[in-house]
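Worksheet: one structure, shown below.
The values are calculated or read from the model by the stated rules, or taken from the named source; none is laboratory data. All values derive from a computational prediction rather than experimental measurement. Don't worry about glycine lacking a Cβ; one is built from the backbone with ideal geometry, like all the others, and counts go over all protein chains shown. Side chains are part of the model used for accessible areas, which takes the heavy atoms of the whole protein and leaves out ligands, DNA and RNA. Shrake-Rupley method; radii C 1.70, N 1.55, O 1.52, S 1.80 Å.
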Amino acid sequence: MINLVEYFETNCTNSYYSSLRLKICFCELVYNDYGELVGTVDIPYSLFDDQAVIDKFRELCQPSNGYNDMDNSWFILICFYLWNNGYIIEQFPNLLERPRGLEEFAYDDIRAYAKKYHFDVDGIVKWNVRRTIVADLRIIKKSGNIGLDKEIENLISDIDTNNHRWSEMSLDTKLMNLNNTIEYLLKLDRKFIDIPDIENISDLVRPIDFRKITHVFRHGNTIQYRRNFSDSEKIFLIDYGVSLVHLICRNLD
């Protein structure tokens, strides 16, 4: 079971999504028969698996006479979960990285898409057209991510200050932990040791350069510099960092 609130709270720090936190309704007000407020109850934003998350996303984006605060909360939480787990919507490739809100996407963006591809009739986009566009959204995981050996994944989780699993880490957190893991593996007596047996690929193996580039992900006061990196650049650095860690572990074993 995926608890979207718990996932959001654990991983959204230092991302664009942290600015959307105040837009999320975490609790529902409870009134008695006389209309008096008697308390609150937590809203269970939980779904079974990734497919259920995607199905809920499509349900939320259906045409409506109005989207409420809870609908928008679901939208923000689901967008974050999908984005942080490497999903992308092919027709709207930038949506998950920086969503504005449910109405802006389900109404404004969908209608603009329909008009762009001439699905409108004299500027009018009918509800059945919007339903079809939502049904046809291709929500897929980005390819190309390099997998981690189980032992290395456990090592990185141990180094992580919150002991998170690799799959639970944001892109920024993965870069921070790869930086720290390379330091842990190569630093001996305050000096960095050389990686053995890389004579033919030495120009490609740049752990110190990698650590310099990703240093901004190690400190909380460098958020403004992290924002200069696109998601594509972060994913490239993660794949490169994972390759470095695998190489170091193999060659130092």
Checklist entry - For Q51, which of the numbered conditions (1) without any contact (Cβ under 8 Å) to a residue 12 or more places away in the chain; (2) surrounded by 19 or more Cβ atoms within 10 Å (Cβ to Cβ) fails to hold? => result (2)
Item to check | Odd one out for Q62 among (1) open to solvent by less than 50 Å² (accessible area, probe 1.4 Å); (2) in a loop (DSSP other than H, G, I, E, B) | outcome: (1)
Item to check | Residue satisfying all of: in the stretch 1-43; small (G, A, S) and open to solvent by less than 30 Å² (accessible area, probe 1.4 Å); nearest to K56 (Cα to Cα) among these | outcome: S15
Next on the checklist: Show me the helices (runs of 4 or more DSSP H) found entirely inside the stretch 151-233 where at least 2 residues are within 20 Å of C12 (Cβ to Cβ) and open to solvent by 20 Å² or more (accessible area, probe 1.4 Å).
Outcome noted: 171-186, 223-226
Checklist entry - With respect to the numbered conditions (1) open to solvent by less than 40 Å² (accessible area, probe 1.4 Å); (2) in a helix (DSSP H, G or I), which one is the sole condition not fulfilled by T132? => result (1)
Item to check | Condition check for G86: farther than 30 Å from L22 by Cβ and under 18 Å from the mean Cα position of the chain (by Cα) | outcome: no
Next on the checklist: Against the definition (among the β-branched types (V, I, T) and either part of a helix (DSSP H, G or I) or more than 22 Å from the chain's Cα centre (by Cα) (or both)), how does I140 come out, yes or no?
Outcome noted: no
Checklist entry - How many of the residues in the stretch 77-103 are surrounded by 15 or more Cβ atoms within 10 Å (Cβ to Cβ) and more than 18 Å from I140 (Cα to Cα)? => result 3
Checklist entry - Quick one: which of A106, A112 is without any contact (Cβ under 8 Å) to a residue 60 or more places away in the chain, within 19 Å of Q62 (Cα to Cα) and open to solvent by less than 40 Å² (accessible area, probe 1.4 Å)? => result A106
